[in-house]
Every structure is written in C-alpha cells, then in structure tokens.
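Below: the structure, in structure tokens.
The values are calculated or read from the model by the stated rules, or taken from the named source; none is laboratory data. Every value quoted in this text rests on a predicted model; they were computed, and no experiment measured them. Note: ideal-geometry Cβ built from the backbone for every residue, glycine included; neighbour counts use all protein chains shown.
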Amino acid sequence: MLKVEEIRELINVVDESSISEFTYEAEGTTITIKKEADKQAAVRELASNTPVPVKQESVRVEAPVQDMSVDPANVVASVDTDAKENYDYEIVSPMVGTFYAAATPEGDKFVSQGSNVDNDTVVCIVEAMKLFNEIEAEVKGEIVEILVEDGELVEYGQPLFRVKSK
C-alpha cells in the first residue's frame, strides 16, 4: 500500500508530465490517476476482484495537493476568563500518538472529571509507533476537564486534561 506522501508525489509527477492516465496495482489494490481537462488529477483507490481479506477504503484526492496547515498569524485566540479560573494546570501530550483513556477497551478509565490525582497518577496512555506510554499527572489536584476523546489522535504539546491543583 502506498503512503500518502508517495501518492502526492505520483499526483505531482502525473500533473507535470504529458501523460493523461497512470495506473498502479499492488497487494489487491488498484490506484488510477487521471488528468482531467482542467489539469487536475483524480485519484481513486479501487478494490480489485481478487478475494483478498484486505480492508479497502475509497480515497479521492484533488491535485495539486494544497497545504492545509493553519497559519498561526491568522488565528485569533480567545480565552474564556471564567473557564480559566476553574483550572491552573494543563496536562499535555508529550508526543504525537493515539490517546487512550483506559488500559483496555473494556477496562475502567484511568481518570474522569472530578478525579483526584497525584504527581505519579497515570491519567492516560498515548500510543506512538506501537509503544504504549503511560502519561502521569505530574501535579496534585482535581481533573476539571477532559479535552480529548478515547482513540483520538493527539499532537505534541496538545492539552489533554485541565487540572485544579491543590
């Protein structure tokens, strides 16, 4: 299976070349890139007729791929002063990964809103590259807000919990 960066590179190569259609087949998946009249390429990932037990997803990407990142200069930050008074510490993600509120899908959550935590209390797990990293509170206090959902992708430095320290 091609990675997103590889697909983007293929789109750019097809877009800049004189070819109008490109097809790639591997592992029971077919990717077709076609140049349309307005010089945009369409990508479709199609399930082949081969009986391979592979989860197939449909993807459509318009080329050229545009950078969707947010320009910090265009972001207006607003802080609700009443909400800020309810907490004085944020537990942030130390890495990029997937947030898990419990050790197992059926297990109890490490903490919930209103839970009291100590410096060494495990509040969640962040999975990064198949490594499950326990995140500790590093503050003594009460969880006043949980900012992410179980299974959500989190970024480095993203606030996960708000804590009113004691």
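In segment 110-120, what residues are closer than 20 Å to G151 by Cα and free of Cβ contacts under 8 Å to residues at least 40 places away in the same chain?
Looking only at segment 110-120, we keep the residues that are closer than 20 Å to G151 by Cα, and these are 110-113.
Within segment 110-120, F110, S112, Q113 meet the criteria.
Condition check: at pLDDT 75 or above, surrounded by 10 or more Cβ atoms within 10 Å (Cβ to Cβ), of a type in the set (D, E, K, R) and not assigned by TED's automatic domain parsing to the domain that holds L147. Does E62 satisfy that? So that I can check it myself, show each step before the final result.
Details: at pLDDT 75 or above: no; surrounded by 10 or more Cβ atoms within 10 Å (Cβ to Cβ): yes; of a type in the set (D, E, K, R): yes; not assigned by TED's automatic domain parsing to the domain that holds L147: yes.
Judged against the criteria, E62 is not a match.
Among the residues of segment 133-147, is any under 27 Å from V4 (Cβ atoms), surrounded by 13 or more Cβ atoms within 10 Å (Cβ to Cβ) and modelled with pLDDT of 90 or more?
Looking through segment 133-147, at least one residue is under 27 Å from V4 (Cβ atoms), surrounded by 13 or more Cβ atoms within 10 Å (Cβ to Cβ) and modelled with pLDDT of 90 or more.
Give the number of residues within segment 154-166 that are more than 15 Å from S115 (Cβ to Cβ) and either polar (S, T, N, Q) or surrounded by 13 or more Cβ atoms within 10 Å (Cβ to Cβ) (or both).
3
Return a yes/no flag: does segment 130-145 have any residue that is free of Cβ contacts under 8 Å to residues at least 40 places away in the same chain and part of a loop (DSSP other than H, G, I, E, B).
yes
If I filter segment 84-102 for residues that are over 18 Å from I146 (Cα atoms), modelled with pLDDT of 50 or more and either outside the structural domain of F132 (by TED's automatic domain parsing) or part of a loop (DSSP other than H, G, I, E, B) (or both), do I get at least one hit?
Quick first cut of segment 84-102, residues over 18 Å from I146 (Cα atoms) only: none.
No: zero hits.
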